[in-house]
Amino acid sequence: MDYMVVYSSKTGNTKKIATEIFSALPGMSKDMQSMREYRGKDADVFFIGFWVNRGTCDISVIEMMSGLHGKKIALFGTCGMGRDAAYFKSIEQKVNVWVPDDCEYLGTFLCQGKMPMQVRGNYEIPMEDPKQEVWRKKMLQNFDEGLFHPNEDDLWQAREFVEQVLSRV
């Protein structure tokens, strides 16, 4: 079986997960390329990675996926918001709709990633509304937690995801 890992990474988080997924794939019939490098190389199974922006993937991932037909596709991604299974599920639902109908969808792995420091600046301005202030403090806490991701546990979960996907193909 041939494997292709293709990823879009803005800050390096998704590239880190892509590298872990690539190393967990068996054999020598595998390749890994960034979305910018990818020029249509064929494979039986595609692992497609993305960074989350406003709850979904970027357009390069959508365009790449829409060109695949009759393939097995597993998705993975990183996002600034972490530890929220409902949010991860909503991302999965927004992204997997772009998997063509004639492809077999094999699941999604998501984990938290660190965000650029300028994002933290957006959360540092105190708010007068007590409800918004509670939200702001949660966002700061989430940002600070994200500085340590993807971590070893995230990488272990990515390897586990590969094993789960391979058990289905």
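The values are calculated or read from the model by the stated rules, or taken from the named source; none is laboratory data. Only a predicted model underlies this, so the values are computations on that prediction, with no experimental measurement involved. Note that we place each Cβ from the backbone using ideal geometry, even for glycine, and neighbour counts take in every protein chain shown.
Observations
- Residues satisfying the stated conditions in region 38-54, i.e. out of contact with any Leu (no Cβ under 8 Å at 6 or more places or on another chain) and more than 21 Å from GLU104 (Cα to Cα): ARG39, TRP51, ASN53, ARG54
- When region 110-147 is limited to residues that are touching a strand residue (DSSP E or B) at 6+ places or on another chain (Cβ under 7 Å) and among the small types (Gly, Ala, Ser), the one that is modelled with the highest pLDDT turns out to be GLY113.
- Pairs meeting the criteria (first residue in region 84-110 and free of Cβ contacts under 8 Å to residues at least 24 places away in the same chain, second residue in a strand (DSSP E or B) and not aliphatic (A, V, I, L, M), beta carbons under 7 Å, at least 6 apart or on different chains) are GLU92/THR108; ASN96/TYR105; ASN96/THR108.
- Annotation: of all residues in region 92-132 being outside any loop (DSSP other than H, G, I, E, B) and among the acidic types (Asp, Glu), the one that is nearest to the chain's Cα centre (by Cα) is GLU92.
- When LEU147, LEU155, LEU140 are checked against the criterion of being in contact with an Asp or Glu (Cβ under 9 Å, 6 or more places away or on another chain), farther than 21 Å from VAL45 by Cβ and touching a residue at least 12 places away in the same chain (Cβ under 8 Å), LEU140 stands alone in meeting it.
- Flag for GLY49 being on the phi > 0 side of the Ramachandran plot and either in the same structural domain as ASP101 (by TED's automatic domain parsing) or surrounded by 15 or more Cβ atoms within 10 Å (Cβ to Cβ) (or both): no
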